[in-house]
Amino acid sequence: GVIDLVREDPRLVSVRGNNEQKVVRGDKNPDWLRDGDREYFESLPVAISFDNVLVVHGGVDPQRSLADHTVEELLTMRSPHGDGYDGPFWYDDYDGPYRVFFGHTVHDHPVEREHAVGLDTGCVYGGTLTAYDYRNDEFRTVEAKTHQERANSKIVDPA
């Protein structure tokens, strides 16, 4: 599956997200988990940086340095003021120094700001799977084949 694809293709990079963290902590033990998957999730970095780019699953507080963030914040942050879906969102006020690529907050289309790019377009809920091709500066999307139910109130309009 997808885990094998990412593990085996050196061109693909991944960061640990909140769901992988739940498996690492033992909070989740999904049926599909195979030998070595938990260790693989634990080996994933919570942030990747190169050039002026930062990749995290959650987000960053614009008022604090990267070193001042907890692992949990990098995995789950939507807002520096709590974890709601009503905003304001961290990327609304973020102006660098990194261009941050993030997920965790579901949008109906990618968020594209000068310093923040949101890639979670709700594939698991019937949206699209969105990737960003850094070399060619373009989004790639694939339609979901199946989906789980989710309240529309948890899908953010990045206006």
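So here's what we get for this one:
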| item | result |
| --- | --- |
| Residue order, fewest to most beta carbons within 10 Å, for 124, 142, 24, 55 | 142, 124, 24, 55 |
| Relative contact order computed over the chain (Cα-Cα under 8 Å; 6+ residues apart), in percent | 15 percent |
| Helix-only [θ]222 nm of the chain, DSSP H runs n ≥ 4, -39500 (n - 2.57) each, per residue, nearest 500 | -4500 deg cm²/dmol |
| Descending principal axes extents, the chain, alpha-carbon based, whole Å | 41, 35, 34 |
| Among beta bridges that DSSP assigns inside the chain, antiparallel share in %, nearest 5 | 60 percent |
| Distant-in-sequence amide H partners of residue 46 (H built 1.01 Å from N, under 5 Å) | 16 |
| Cβ-defined net charge surrounding residue 46, 13 Å radius [Lys, Arg +1; Asp, Glu -1] | -3 |
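Taken together, the values in this text are just the output of simple stated rules run on the coordinates, not laboratory data. None of the values given here were measured: they were computed from a predicted structure. Cβ atoms come from the backbone with ideal geometry, glycine included; neighbour counts cover every protein chain shown.
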